[in-house]
Amino acid sequence: MTDPLQFEVFMRNYQNMVYTTAWRLLGRESDAEDIAQEVFLKAHLHFNELATSPTVGGWLKTVTRNLCLNHLTRYRARWRFFSELESPGLEGRDQGFAGALAARDTHEQELDTADQRQVLEQALQKLPPAQRVPLVLYHFEDLSYEEIAARLKVSLGKVKTDIHRGREALRRKLALHPALLN
């Protein structure tokens with residue numbers, strides 16, 4: 001039997017990670033809240049095993065990601081299919097905007113990083129789901145192109161194209177904040 005106080009502490013420790021992961025993928029607060037609630041309902045069912053697991057964070061992220069992808073597949077507008085053309089040079093990870101999130105040394109720089117993260121998150125949410133989801137899975141969830149293609153049930157070429165187009169769209173949106181592109 002699950003101790004309610006232990007589960008409450010567990011939930012408080014992981015709620016931000018679960019919600020943020022869902023929000024990045026879904027782009028809507030209400031959807032992210034629904035997914036987070038569903039994740040913690042599943043966690044409650046498995047709490048006896050999860051409470052002592054060293055990989056609980058990974059389990060929660062995987063469940064969150066899978067529920068979000070299922071939600072997008074079922075309830076959101078269908079993916080718009082872009083051409084299946086592969087562009088050369090997409091294999092390397094671009095660090096343009098991701099590099100802006102690197103850890104800083106001073107308190108002032110940490111505040112700048114928090115501001116940059118907020119601007120990045122806002123720009124990311126303005127992307128269409130077909131671009132935002134693969135970008136989040138690649139840059140924030142560290143999935144490979146192949147893993148993304150398998151999870152989204154699309155071709156590898158589409159994933160590469162969507163990530164490339166998403167990066168370009170994100171760069172245009174972030175052009176108003178040039179410090180993020182350094």
Completion exercise
For GLY27, the lone unmet condition from (1) surrounded by fewer than 16 Cβ atoms within 10 Å (Cβ to Cβ); (2) modelled with pLDDT of 50 or more; (3) in contact with a Lys or Arg (Cβ under 7 Å, 6 or more places away or on another chain) is (1)
Practice task
Within segment 134-168, work out how many residues are hydrophobic (A, V, I, L, M, F, W, C), within 20 Å of ARG117 (Cα to Cα) and buried (at least 19 other Cβ atoms within 10 Å of the Cβ).
Solution key: 4
Problem - Condition check for TYR145: over 22 Å from MET17 (Cβ atoms) and among the hydroxyl-bearing types (Ser, Thr, Tyr) - result: yes
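What are the residues in segment 116-146 that are charged (D, E, K, R) and within 22 Å of ALA32 (Cβ to Cβ), if any? Step through it out loud before you land on a result.
Quick first cut of segment 116-146, residues charged (D, E, K, R) only: 117, 121, 126, 132, 141-142, 146.
Once the filter is applied, which keeps residues that are charged (D, E, K, R) and within 22 Å of ALA32 (Cβ to Cβ), segment 116-146 yields ARG117, GLU121, LYS126, ARG132, GLU141, ASP142.
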Problem - Pair list, Cβ under 7 Å, 6 or more apart: segment 128-150 residue of a type in the set (Asp, Glu), other residue in a helix (DSSP H, G or I) - result: GLU141/ARG65; GLU146/LEU156
Completion exercise
Of the residues in segment 133-150 that are within 8 Å of the chain's Cα centre (by Cα) and among the β-branched types (Val, Ile, Thr), the one that is modelled with the highest pLDDT is VAL133
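The values are calculated or read from the model by the stated rules, or taken from the named source; none is laboratory data. These figures come from a predicted structure and were not determined experimentally. A quick note on method: Cβ atoms are made from the backbone with ideal geometry, for glycine too, and the neighbour counts reach across all protein chains shown.
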